């Protein structure tokens, strides 16, 4: 069940139209790569694009758009398709400004010889940050095409109309028409966009705000879509990295003290590849590469004691930190002394893994004029620079092409695989395909960092929040891969120190409420001898909301108010109120004091509500759950989410993203946790690192609060924190017990219930 509030009407044509793939090899002065495994240059593209390293001129219209003689267009973007549907949304933006139909536009994969540099596809930025330049370039292109049409038709530009790339003017003898393809087909625009071309207003939209079908799904459904793991080239070797099973504390790295190359002499054709402290193996057959990585005898430098996942928060609290005041208004400490009720506690949140369904993969081919790398990186230009730095090559000698992998949001081991393939390919002079093993992906991931929170808040007798304090401990992350660190050193030390800390997000920690006295403090823990940290979908916002929104619920219970009414009373922004009301309405919320109607029997039911976000969008969630008090198993039955991301270019894409976010949040708050002991990470497979199974998925109802007049903001992460907190609040409603730690595993549930009974 899905719903969009305030969405425009949907035409039958838009609802059923899908992107044709016929434009995949049409470049109009550009090489276009569809899903061929080798670069192919059309006859019309013997100039510039595709034949030399990019990035192309960011402000040139030709960087973004090519018009073809058959009245179609190729749209070039710098944001890659990760499965979130952004290519469909960006095509809508371009087609809207060009006055073309979705059936007339197509796009290409990201490629450092072809596509613009729009930096990483991350931070929910595809539409938010990726669309403005494309929109401006398309508007400039349309204005130039209309100027040409006006000359061709002998009329003022203002008298022209455009639909589906056909420019027309009404005359005495009916309409006279000319197509974009006849005006420009296969020729460049040769002009810059400067922001002077007017873009459409919401009242003029035909495509934006509608729901055309995703352009990538037909080939995926037909099993014709070429994912990264499908790539093969003639003469290719298979490679594997060699690492200890499970990383140790950051700063130790993976230093090989002794590598016994004779230990794989029994595997025909297998070879060891060394660069600095990097160790890998190659072989003609993939199974031989797997066996060689398994059998190669390596003595690794030992690390210092790491502690365990159960004691990591205690370590954080004791470590010397660098403290930053993130938000301050009034005197929270003084007001807490005057509050009618004060509630607060410590909350413990784990390391969590990206855990893509298939371990990361990359393929590097050194046999042409450029080293051509196929990779699932989320930033082709940054990845190219990193490879160039490791190999000591000019970036122009490297071409990096994006292929969608098996699913990851954040920074999994895709750069490791990319760099390993480049090292092995240049060492052997042959194409090398590298795929990580499961224990490498799980054991050497760049984990979402653990978090410790202490929250205190106070309320007056009328139910007004008067004071709020949030203290958060966490370490930072590194943008340098394990492969990069090891390949460039023989000192056995990870050179990348990472940022001092991922700071506590001030938006997710009470900013949505009218609080006169508020203090938020971030305590930066040095990353040395913790686990490697990096961006994970909605970085730490699950942790922030889990702690903050449970505290808000506790205040509502203290004054015996329904949590929805309590939030209504204290919210200070109509857009936060909008998503709160939308989620509650979808769930059919019935007012009550949380925990006041605990059921009898082994299985008890509860409902919870919460707010949360990641960047600047607005998210709310309601969770209906069941708790088996005998087994400790929590089942999320139905989730209701609402998101306000400004202008939703394609509400269906936002709904899909919300469903994925909320289901992932269930797994992360109930199951997912990286485990480790003194010697390193121990959760090296799907048994050790539990994720939500398909049979455990809840029903999800997403609601998009459409704001046509607002700028588009992020939609890929912004309801996850609210979902995690709503589940935690629902647990209290079902049991009368607060869970201060996630994942809320059966063992922790039973322990909490036992403490409560005692």
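All of the numbers you see were taken from the coordinates with simple rules; none came from a lab. Predicted model, so just to flag it, every value in this text is computed and none were measured. Ideal geometry is used to build each Cβ from the backbone, glycine not excepted, and the neighbour counts take in all protein chains shown.
Can you give the FRET efficiency to the nearest 0.05 for residue 328 and residue 227, using r as the Cβ-Cβ distance and R₀ = 45 Å? All intermediate terms of the calculation are to be shown ahead of the outcome.
On the way: r = 48 Å, r/R0 = 1.07.
After rounding to 0.05, the efficiency reads 0.40.
When you count, for each residue, the other Cβ atoms within 10 Å and take the mean per peptide, how do 77-83, 512-518, 681-687 rank with the highest first?
77-83, 512-518, 681-687
I'd like to compare 148-156, 241-249: which one has the highest average count of other Cβ atoms within 10 Å, and what's the full order after that?
Descending packing order for the listed peptides: 241-249, 148-156.
Would any residue of region 78-113 have its amide N under 14 Å from a label point 7 Å out along Cα→Cβ of residue 369? List them or say none.
Counting backbone N atoms under 14 Å from the label point, the list is 113.
Give me the distance in nm between label points sitting 7 Å out from Cα along the Cα-to-Cβ direction at residue 163 and residue 357, one decimal.
My value for the distance between the label points is 4.1 nm.
Using the alpha-carbon centroid of each, what span in Å lies between region 295-372 and region 384-406?
28
Taking the highest mean first, how do the peptides 637-645, 339-347, 278-286, 62-70 order by number of other beta carbon atoms within 10 angstrom per residue?
Answer by packing, highest mean first, reads 637-645, 62-70, 278-286, 339-347.
Just check region 525-577 against the gyration tensor rule for me: Cα atoms, a ≥ b ≥ c as the square roots of the eigenvalues, rounded for a/c under 1.5, and otherwise prolate or oblate depending on whether a/b exceeds b/c.
On the way: a/c = 4.28, a/b = 2.27, b/c = 1.89.
Prolate is the answer for region 525-577, as a/c is 1.5 or above and a/b outweighs b/c.
Points 7 angstrom from Cα along the Cβ direction at residue 756 and residue 310: gap in nanometres?
That separation, rounded to one decimal, is 2.2 nm.
What spacing in nm lies between the two simple spin-label points modelled at residue 177 and residue 155, each 7 Å away from Cα in the Cβ direction?
1.3
Taking Rg and Dmax of the Cα atoms in Å as the quantity of interest, determine which of (1) 29.4, 98; (2) 27.6, 91; (3) 29.9, 103 was computed from the displayed structure.
Structure-derived value, by its label: (2).
Can you tell me the FRET efficiency between residue 52 and residue 219 if r is taken as the Cβ-Cβ distance and R0 is 25 Å, rounded to the nearest 0.05?
0.30
Neighbour counts of other C-beta atoms within 10 Å: give me 324, 377, 723, 74 arranged from fewest to most. Before the final figure, lay out the partial values.
Numbers: 324 14, 377 31, 723 35, 74 24.
With the sparsest Cβ surroundings first, the list reads 324, 74, 377, 723.
For residue 574 and residue 598, calculate 0.36 nm times their separation in residues minus their Cα-Cα distance, and state this gained length in nm to one decimal.
On the way: separation 24, 0.36 × 24 = 8.64 nm, distance 3.28 nm.
Roughly 5.4 nm would be gained on extension.
How do 369, 696, 554, 673 rank when sorted from fewest to most other Cβ atoms within 10 Å of their own Cβ?
Ordered by Cβ neighbours within 10 Å, fewest first: 369, 696, 673, 554.
Helix-only estimate, please: 222 nm mean residue ellipticity of the chain, summing -39500 (n - 2.57) across DSSP H runs of length 4 or more and dividing by its residues, to the nearest 500.
The helix-only estimate for the chain comes to -8000 deg cm²/dmol at 222 nm.
Given an 8 Å cut-off on Cα distances and at least 6 residues of separation, report the relative contact order of the chain as a percent.
Values: 1906 pairs, mean separation 112.1, N = 758.
Value for the chain: 15 percent.
Using r as the Cβ-Cβ distance of residue 205 and residue 346, and R0 as 45 Å, what FRET efficiency do you calculate, to the nearest 0.05? Walk me through the intermediate numbers first.
Working: r = 49 Å, r/R0 = 1.08.
It comes out at approximately 0.40.
When a footprinting reagent is the concern and you count Cβ atoms within 10 Å, what order do 503, 713 take, fewest first?
503, 713
Expressed as a rounded percentage, what relative contact order does region 354-511 have, with Cα pairs under 8 Å and six or more residues apart?
Reported relative contact order: 23 percent.
Stretch residue 268-residue 319 to full length: gain in nm at 0.36 nm per residue minus the Cα-Cα span?
Fully extending the segment from residue 268 to residue 319 adds 13.3 nm.
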